[in-house]
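Trainee: I am attaching a structure below and will ask some questions about it afterwards.
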Amino acid sequence: MATASSIPAAPEIQLGIRANLNQFLLVILLNAFVGGMVGLERTVVPLLGSEAFHIASASVVTGFIVSFGVVKGLTNLVSGQIAETWGRKRTLVLGWLVGLPVPFMIMWAPSWNWVVAANALLGINQGLAWSMTVLMKIDLVGPKSRGLAVGLNEFAGYFAVGVTAFLTGWIAARYGLRPDPFYLGAVYAVLGLGLSVLVVRDTADHVRHEVRAHGHGTAEALRFSQVFSRTSFGDRRLFATCQAGLVNNLKDGMVWGLFPCSSPVTASGSKTSAS
């Protein structure tokens, strides 16, 4: 019969990159997968619209970016509230569940509307999964290393965007626009979901530890309307940050859609067609 003294004590929660290195690196890897899901579409999807579905209008082709951006923005708006209610890990898993069908929908899309719908799901995936990787890194490292943690997170995500865009473009030029480039996205989605379910740990204990360590007792509870008003116009610094992010994402989205359409490249081989 086990006595109280023989039961191992729960490991003490510690903040910092070194103290949580395994989980920290795991979340960096997950955000690389999240970024890779966007990079999957940077080169190939606009060309699908113009070459596989024979859409002549650049504004129509780039409409899939609008569905992505609007849905991602709305998801970002509520992702923090969802994380506080359900927990970081569950929200991360939800993001990957929504993103899992995306590469398959584009791979087998019978019409352009399927691509637009897939990008709406991708927007939810990005709004939930990318946001959770940021929050979980902040939770793990505590107040002293938050800037470094967010910087590493953004580096991993956008580096994966660029590398995946290059790889999918190369694959499309060699093997055709569909389905080969999207196999990479299927790998990202399956690995992202599997690691999120099986390996990632929730960081709620780290948040509570930080609150206790700073003597606050309990964290300040803010209603959603209070958070929205403070971020949107109540705090000048937060307002400026949101404004800069909007402009940055707007020009990024226009480059995403227009550059591939302005100089289409016909992939070699018979797989270039919609079939």
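The values are calculated or read from the model by the stated rules, or taken from the named source; none is laboratory data. Because the structure is a prediction, the values reported are computed rather than measured. Cβ: placed from backbone, ideal geometry, glycine included. Neighbour counts: every protein chain shown.
Trainee: For the range 110-127, does any single residue satisfy the condition of being outside any helix (DSSP H, G or I), touching a residue at least 24 places away in the same chain (Cβ under 8 Å) and among the polar types (S, T, N, Q)?
Mentor: yes
Trainee: Of the residues that sit in the range 1-31 and are assigned to a loop (DSSP other than H, G, I, E, B) and under 26 Å from Gly192 (Cα atoms), which one is modelled with the lowest pLDDT?
Mentor: Ile13
Trainee: Right, next: Looking at the range 138-146, is at least one residue more than 17 Å from Val38 (Cβ to Cβ), assigned to a helix (DSSP H, G or I) and among the basic types (Lys, Arg)?
Mentor: Yes, some residue in the range 138-146 is more than 17 Å from Val38 (Cβ to Cβ), assigned to a helix (DSSP H, G or I) and among the basic types (Lys, Arg).
Trainee: While we're looking at this one, here's another question. Report those helices (runs of 4 or more DSSP H) wholly inside the range 32-92 carrying at least 2 residues which are of a type outside the set (S, T, N, Q) and under 18 Å from Gln126 (Cβ atoms).
Mentor: Where helices (runs of 4 or more DSSP H) fall fully within the range 32-92 and carry at least 2 residues being of a type outside the set (S, T, N, Q) and under 18 Å from Gln126 (Cβ atoms), they are 44-47, 63-86.
Trainee: Every residue in the range 97-152 that is of a type outside the set (A, V, I, L, M) and within 12 Å of the chain's Cα centre (by Cα), please.
Mentor: Hits for the range 97-152 are Gly99, Gly123, Asn125, Gln126, Gly127, Trp130, Ser131, Thr133.
Trainee: Residues that are modelled with pLDDT of 90 or more and buried (at least 17 other Cβ atoms within 10 Å of the Cβ), at least 2 per element: which helices (runs of 4 or more DSSP H) completely within the range 177-237 meet that?
Mentor: 183-198
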